[in-house]
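The values are calculated or read from the model by the stated rules, or taken from the named source; none is laboratory data. Just so we're clear, the structure is a prediction, and the values are computed from it rather than from any experiment. Note that we place each Cβ from the backbone using ideal geometry, even for glycine, and neighbour counts take in every protein chain shown. When the accessible area is computed, the model is the full protein with side chains, heavy atoms only, and any ligands, DNA or RNA have been set aside. Shrake-Rupley method; radii C 1.70, N 1.55, O 1.52, S 1.80 Å.
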Amino acid sequence: MTGIEQLQQMIDQTDNIVFFGGAGVSTESGIPDFRSVDGLYHQKYDYPPETILSHTFFVRQTREFYRFYRDKMLVLDAEPNAAHRKLAELEACGKLKAVVTQNIDGLHQRAGSQKVLELHGSIHRNYCQRCHKKYSGEALKKLFDEGQDVPCCTCGGVIKPDVVLYEEGLDSRTMQESISYISEADVLIIGGTSLAVYPAAGLIDYFNGSHLVVINMAPTPRDRQADLLIQEKIGTVLGALHV
């Protein structure tokens, strides 16, 4: 029996699944993992991504932060792939209870998923740090297109993306809700993540269900604990499932 057939069997036998995903879920939609090293990055930026995407860097070098954010993070034209669509189908038929994601691209919602817990925020939500006026991702892009290197609100305040930067804490309500879904799940599917970013990766410790499934191209720290390990692209695996 293949790994996909085993996963299909697990899914057929339960209606309490939670999916925990990371950057690998969206790379098949053309959104690069910002940690990947490419020639363009080396040519354009003087700091590593983890430095640029820190709270301190945002405050001290806002213009350079936004240069990277606009180039690498603010991806508004990507389309959901087979993984996003299948997860939405599984939720619609009552199998999947929640998607817990480290991604900020909003593709799960665009595919139709309703219960999406965004651990690291979203590029589609932005707010003025002075008056707290809200801006969509499209509105932020428009300010860039109008020539603003540092996007500012109509009140003059600097706009900040509602994404969790390094040195910032995760939203406590989102964390608690994620813990609740994971701890009560029968099947937890981990997909497209190296499980290297904490505290998000630590949520896996709350799983007490029947089957832990890991779907990832590269090894993860949880491979030995997995009841089922599939080292293939997440879109290929989930796309082959029948709902």
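Values for this structure:
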read-out	value
Every residue from region 122-156 that is of a type outside the set (A, V, I, L, M), surrounded by 15 or more Cβ atoms within 10 Å (Cβ to Cβ) and either modelled with pLDDT under 95 or under 15 Å from Arg67 (Cβ atoms) (or both)	Lys141, Phe144, Pro151
Any chance Ile104 is open to solvent by less than 10 Å² (accessible area, probe 1.4 Å), in contact (Cβ under 8 Å) with a residue 12 or more places away in the chain and not polar (S, T, N, Q)	no
Among residues of region 189-228, those that are in a helix (DSSP H, G or I) and in contact with a Lys or Arg (Cβ under 7 Å, 6 or more places away or on another chain), counted	1
Matching entry among Leu87, Leu96 (being modelled with pLDDT of 95 or more, in contact with a Phe, Trp or Tyr (Cβ under 6 Å, 6 or more places away or on another chain) and more than 24 Å from Ser136 (Cα to Cα))	Leu87
Residues (open to solvent by less than 40 Å² (accessible area, probe 1.4 Å), part of a helix (DSSP H, G or I) and either more than 26 Å from Val214 (Cα to Cα) or of a type outside the set (Gly, Ala, Ser) (or both)) located in region 157-188	Thr174, Met175, Ile179, Ile182
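Okay, residues lined up against (1) more than 28 Å from Val99 (Cα to Cα); (2) open to solvent by less than 40 Å² (accessible area, probe 1.4 Å); (3) touching a Lys or Arg at 6+ places or on another chain (Cβ under 9 Å); (4) at pLDDT below 90:
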site: Thr2; (1), (2), (3), (4): no, no, no, no
site: Val18; (1), (2), (3), (4): no, yes, yes, no
site: Ala23; (1), (2), (3), (4): no, yes, yes, no
site: His42; (1), (2), (3), (4): yes, no, no, yes
site: Tyr47; (1), (2), (3), (4): yes, no, no, yes
site: His55; (1), (2), (3), (4): no, no, no, no
site: Val59; (1), (2), (3), (4): yes, no, no, no
site: Arg63; (1), (2), (3), (4): yes, no, no, no
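Let's see how each residue does on (1) free of Cβ contacts under 8 Å to residues at least 40 places away in the same chain; (2) under 30 Å from Gln13 (Cβ atoms); (3) out of contact with any helix residue (DSSP H, G or I) (no Cβ under 7 Å at 6 or more places or on another chain); (4) open to solvent by less than 80 Å² (accessible area, probe 1.4 Å):
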{"site": "Tyr66", "(1), (2), (3), (4)": "no, no, yes, yes"}
{"site": "Pro80", "(1), (2), (3), (4)": "no, yes, no, yes"}
{"site": "Ala88", "(1), (2), (3), (4)": "yes, yes, no, yes"}
{"site": "Glu91", "(1), (2), (3), (4)": "yes, yes, yes, yes"}
{"site": "Leu96", "(1), (2), (3), (4)": "no, yes, no, yes"}
{"site": "Val116", "(1), (2), (3), (4)": "yes, yes, no, yes"}
